[in-house]
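The values are calculated or read from the model by the stated rules, or taken from the named source; none is laboratory data. Remember, it's a predicted structure, so these values are computed and weren't measured experimentally. All Cβ positions, glycine included, derive from the backbone under ideal geometry; neighbour counts span all protein chains shown. These accessible areas exclude ligands, DNA and RNA; they are computed on the full protein's heavy atoms, side chains included. Shrake-Rupley method; radii C 1.70, N 1.55, O 1.52, S 1.80 Å.
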Amino acid sequence: MPSAWESAAAGLSNHVVAEMRTRARRMEPPGCLLPDAARRYTRQYVRRERRTQRNRIGVGEGVNVLEDLTPAQREAVEHGEGPLLVLAGPGSGKTRVVTRRIARLIERGVSPRSILAITFTNKAAETMRSRVHQLVPGAPVWVSTFHRFSAMLLRRYAEVVGLRPNYSILDDSDQRRAIKQVLQDLDYDPAHYSPDRVAGRIGQLKGDLVTADQFSRQYEEGIGNNWDQVVAHVYPAYQRWLLESNAVDFDDLLLHVASLLSEHPELRRQLDHRYQFVLVDEYQDTNAAQYRIIAALSQEHPNIQATGDPDQSIYAWRGARIENILRFEREFPDCHVVKLEQNFRSTQAIVRSADRLIAHNRQRKAKRLVTDNAPGEDVELVCFDDASQEAAGIARRIHQLAGEQAIPWSEFAIVYRVNALSRQVEMALRRERIPYQVAAGAAFYDRAEIKDALAYLRLAANPFDRAAFARAVNTPLRGLGETSQRRLAQWADLERIGLLDACRRAGDVPKLSKNAARGFRAFAELIGRLDIAKSGSVGDLLTEIVDRSGLAAAWIHSPREEDQQRLGNVQELITAARQYDEAAGDERSIDGFLEQCALISDSDSVDDAAGSVTLMTLHSAKGLEFRVVFVLGVEEGLIPHERSLRDVSGFELEEERRLLFVGMTRAKERLFLTQTRIRTFRGRTLASIPSLFTTEAEVSRVDETALGVPDLYVQARDFERTSDDESADKKDDAVGAAKRADVPERPLLMTGAELLNGGKPSAAPNANRFDEGMLVRHPRYGLGTIVEVSRVSSRTNVTVRFAHEDRVQTFVAEKSPLQPVGVKNGAAADAVCE
DNA sequence: AGAGAGACCATTTTT
DNA sequence: TGGTCTCTCT
C-alpha cells in the first residue's frame with residue numbers, strides 16, 4: 001500500500017498497523033486484536049502526556065477564571081468531577097461557562113489532553129478552541145465536532161469495521177448517485193423509488209443505530225411497510241457498495257464509531273480513560289448515535305458535562321432526541337444540574353417577546369428567561385405588500401440603522417425558514433449596494449470542477465473509491481464512455497479486483513476497444529504517479545493534478561466566462577489546500593484535507609470579519625448573535641412550515657416555534673419580524689396568512705403596505721402601535737439617500753435572470769429588449785453583436801456574432817441567458833432597478 | 001460530443 | 001419558479 005496509508009495510520013506503530021492489516025486480511029474476528037492495539041495506543045498517549053506535563057501548560061498570567069460570573073455560572077465552572085447538566089437559555093453565557101470550566105479544570109491539575117469538548121459545527125468548535133486558548137495558552141484540549149471526532153477515531157480503528165484508514169467520506173450527491181446505482185442493480189426503478197427518499201430513510205436508520213443487518217432482519221420478520229421493504233434490500237447492498245469503495249457517508253461516521261464502542265468493551269474502556277472529561281455542546285440536538293458515543297466515553301469516568309436548552313432543539317426531524325437531555329438525569333443519577341436563566345445578550349423587549357412565544361409550547365419544562373439589560377425598542381412586526389417590498393424595506397432599514405447608529409454591516413443578520421426566500425433580499429441588497437454574504441459554505445464544494453479535482457485527490461488517497469473513479473475517469477473527456485466503463489466494471493467484479501487495478505490490466509478486458517484500453521491504462525498511470533510523498537504537500541499535489549489531468553488545459557484558453565470561473569475556483573481550492581498544509585504542518589495528509597472538505601457546512605463560511613450583512617436559514621443561525629436581526633416571511637406555511645401543520649400531535653408545530661425562538665434570540669438590540677400580504681412561492685402567488693406565532697410573541701405592528709393591512713391581519717389580540725409611519729418613512733428616505741450617495745453607482749451589468757426578475761411584475765420578460773447592432777454577452781461565448789432579430793409567432797430569435805472565433809449563433813431570446821451589455825442609466829436600467 | 005429545448009419535478013432544515 | 005435531467009439535433 002502507498003504511503004498515504006502509512007501516514008494516515010500515524011497514530012499507531014508500524015507493527016500494529018501491519019498486524020491489523022494481516023488480521024483484517026485473514027478475516028479474523030477483530031475482537032482479539034483490539035485490546036492489544038488499544039493498549040499500545042494508550043501507552044503512546046501516556047508518553048505524550050508526560051511530555052506535555054513537562055511543558056507546563058497552565059492558565060495564562062493575569063487570568064482569573066472565576067471573574068465576572070453569576071452565582072449560577074460560577075457553580076457550573078467550579079464543578080469538578082461527576083456528571084453535570086447545564087440548562088442554558090439563549091445568551092446566558094454558555095460558551096463562557098464551558099471555556100472557563102475547562103480552564104478551571106486545568107488549573108486544578110487535570111491534564112488538558114484528557115479533556116474533550118464536542119460541538120456540532122466547525123464554527124462553534126473554532127470559537128471554543130480560541131477562547132480556551134485565550135485562557136490557557138497552548139493547551140492541547142481536544143475541541144472537535146461529532147463528525148470530526150468520529151472520523152479521527154475511525155481512521156485509527158478502521159480495520160475493525162472492515163475499512164482501511166484511508167477511507168473516503170462521501171458527500172450527499174455521491175451518496176445519492178451510489179444509491180441510485182444500487183437501486184438499478186437490484187432492478188428497482190429509481191424514478192419510482194427516489195434515491196433521495198431512500199437515502200433519507202437510510203440516514204434516519206443510521207442515526208437511530210439501526211444497522212443494515214438489523215433492518216433487513218426486521219423486514220424478514222415481517223415488520224415494516226412496502227417502502228421499507230425496498231429499503232431493506234437497498235440498505236445492505238448500499239453498505240456493501242460503501243465497504244467495497246472503502247468509503248463512508250456522514251451518518252456512517254457516527255454509526256461505525258458507536259458500534260465500535262459498544263462491540264469492543266476493551267477499546268471503549270481505553271477511550272473512556274483517555275477522555276476523562278467530556279463536554280458536549282447543544283446537547284438537545286444529539287441523536288441516538290451521538291448519545292451512544294458520548295455515553296460510552298463516560299462510564300468509568302462519568303465526568304460528562306451536557307450543555308443544552310430543550311427550547312432550542314430544532315433538529316428532531318433529523319433524529320435528534322430531546323429525550324436525551326431528560327434521560328441524562330436518569331442515566332447519571334448523581335448528576336448536578338445548573339440552570340442559566342439570565343440573558344446577557346438581548347434587550348428586555350426582545351427577551352420578553354421570545355419568552356412569551358416559547359411559553360406557548362406545552363411539551364416543555366417551564367423555564368424563565370430574564371435579563372437586566374436595557375428595555376430596548378419594541379420588537380416590530382412589519383407588514384409589506386409583497387416579497388420585493390419586503391426585501392426593499394429590510395434593505396432600507398439596514399441603511400437607516402447603519403447610518404444613524406453607526407452599526408457595522410456585520411452586525412446585521414437576515415434569517416429565513418427556507419433558502420429559497422433569500423433571492424429577493426439579495427437583489428435588494430445588491431441594488432442598495434449593501435455588502436452581504438450568504439451562509440453557504442458547502443456550495444463551493446458542490447461545484448463540478450471542485451468535485452472533479454477532488455475526485456483525483458480521493459483516488460490518489462483511496463484507489464477503491466468508486467464514486468471518485470466514476471467522476472474522474474472520463475473528466476476531461478478521454479473517450480472512455482459509458483459502455484467502456486461498464487465493461488471494465490463488470491470484468492473487475494468478475495476478477496474481484498478494484499477498478500484502478502482493472503485499468504492497469506485493461507488489455508485483458510473482453511470486448512474493450514484498443515483505444516479504450518489504452519485510455520484506461522493511461523488513467524491508471526496518471527493516478528499512480530500522484531504521490532503526496534513526492535509532491536511534498538497537498539497543495540502541490542493538487543496543482544499537479546490540475547496540470548496533469550488536463551482539467552486546466554481545457555479552460556485556460558477558453559473565452560467562456562464559466563471556464564474562467566472554473567479555473568478561478570480550482571485555484572481557490574489550491575489556495576485552500578495550501579492553507580491546510582500550513583495549518584496541519586507535519587501532520588498533513590490527503591485524507592486530512594479531504595476530510596476537512598467533506599465536513600464543511602454552510603454556516604462555516606460565515607465570516608465575522610467580512611464586514612457584510614449575513615443571510616442565513618434559521619437553522620444555521622443557531623449559536624450566533626447580531627445586534628440587528630430580521631426574520632422574514634413570518635407567515636403561516638413558512639413559519640410554521642406547512643409540513644409541520646400536518647402533524648396532528650403538534651410536536652412538529654412546537655419545533656417550528658422553537659425555531660422562531662432561536663431566530664428571535666439571536667438579536668441583541670433590534671428585532672424585526674416581517675410578513676407580506678401576498679407571497680409568490682413555487683411560481684404560485686397566494687394571499688399569505690399571518691403566522692400564529694406573531695400574535696403569540698406580542699409584538700408591535702407596523703404597516704408598510706400601500707392600501708393598509710387587510711382585516712385578516714388585524715386580529716383581536718392586536719398590539720397596535722400608534723406609529724407615525726409616514727414621518728418615519730420620510731426620515732428613512734432622507735438618511736437612506738444621504739448614505740446611498742456615498743456608495744458607488746449601481747452596476748451596469750446584471751445577469752439575464754436579474755433583468756427578467758427585477759423588472760416590473762406585470763411586464764412579461766420581453767424579448768423586445770434586443771435590437772440589431774446591440775452589444776450582448778453570453779456566459780458561454782463572451783461578447784458579441786446582434787446581427788439579426790426575427791420574430792416567429794410568439795418567440796424571438798436573436799442571431800449573434802461573437803468576437804471569439806467569429807462564431808455566429810442563433811438563440812431563442814426568451815430562453816437564452818443572453819444579456820445586453822453596457823445599458824446606460826437609461827430606460828433599461830431603470831426598468832430593472834425600479 | 002456538445003448544445004439547446006423541453007419535460008419533469010421538487011420545494012425544510014445539515015454534518 | 002427554477003433547476004435538473006433527458007432527448008434530439010447538429
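If you wrap the range A:449-553 in the convex hull of its Cα atoms and look at it from every side, the mean projected area works out to 6.1 nm². Note on exposure: A:ILE304, A:ILE57 ranked by accessible area (1.4 Å probe, complete protein assembly) read A:ILE57, A:ILE304, with the most exposed listed first. When only alpha carbons are used to place a centre, the range A:124-146 and the range A:60-112 end up 14 Å from one another. Of the GluC sites (Glu not before Pro) found in the range A:218-273, those that fall in a DSSP loop while having at most 13 other beta-carbon atoms within 10 Å are A:GLU221.
Accessible area per residue for the range A:480-592 is 55 Å², calculated with a 1.4 Å probe on protein heavy atoms, without ligands, DNA or RNA.
Can you pull the percent of the range A:286-438's accessible area that's carbon plus sulfur, 1.4 Å probe, other chains left in place? It would help to have the intermediate numbers written out before the result.
Values: 2790 of 6240 Å².
Taking all protein chains in place, the range A:286-438 shows 45 percent carbon and sulfur surface.
Solvent exposure of A:LEU401, expressed as accessible area, is near 10 Å², computed with a probe of 1.4 Å over the protein chains only. Over the range A:501-580, with every protein chain in place, what whole percent of the accessible area is carbon and sulfur at 1.4 Å, could you tell me? Here carbon and sulfur together make up 47 percent of the probe-accessible area. Taking every protein chain into account, the 1.4 Å probe leaves A:GLU107 with about 90 Å² of accessible area, to the nearest ten. Our Cα-only numbers for the range A:350-446 put the radius of gyration and Dmax at 16.8, 46 Å. Rounded to the nearest 10 square angstrom, A:LYS668 shows an accessible area of 50 square angstrom against a 1.4 Å probe.
Each pair of Cα atoms in the range A:515-642 enters the Kirkwood radius, and Stokes-Einstein at 4 °C and 1.567 mPa s then converts it into a translational diffusion coefficient of 70 µm²/s. In this structure the range A:223-356 gives 35 Å² per residue of accessible area when probed at 1.4 Å with all protein chains present. Using a probe of 1.4 angstrom and keeping all protein chains present, the accessible surface of the range A:604-672 works out to 31 square angstrom per residue.
Solvent-free Debye calculation, one equal scatterer per alpha-carbon of the range A:607-649: log10 I(q)/I(0) at 0.19, 0.22 Å⁻¹ equals -0.72, -0.86.
Kindly flag which residue pairs out of A:LYS206/A:LYS451; A:LYS94/A:LYS367; A:LYS206/A:LYS339; A:LYS123/A:LYS668; A:LYS94/A:LYS668 have an alpha-carbon separation exceeding 22 Å in this structure.
Working: A:LYS206/A:LYS451 26 Å; A:LYS94/A:LYS367 16 Å; A:LYS206/A:LYS339 32 Å; A:LYS123/A:LYS668 20 Å; A:LYS94/A:LYS668 16 Å.
A:LYS206/A:LYS451; A:LYS206/A:LYS339, as the Cα separations exceed 22 Å there.
Expressed as a whole percent, the accessible surface of the range A:146-213 that belongs to carbon and sulfur atoms is 41, based on a 1.4 Å probe.
In the range A:121-237, the C-alpha radius of gyration followed by the widest Cα-Cα span (Dmax) gives 19.0, 59 angstrom. Both the radius of gyration and Dmax for the range A:230-388 are 21.2, 64 Å, in that order, over alpha-carbon atoms.
For the pair the range A:623-699 and the range A:438-511, the centres of their Cα atoms are 44 angstrom apart.
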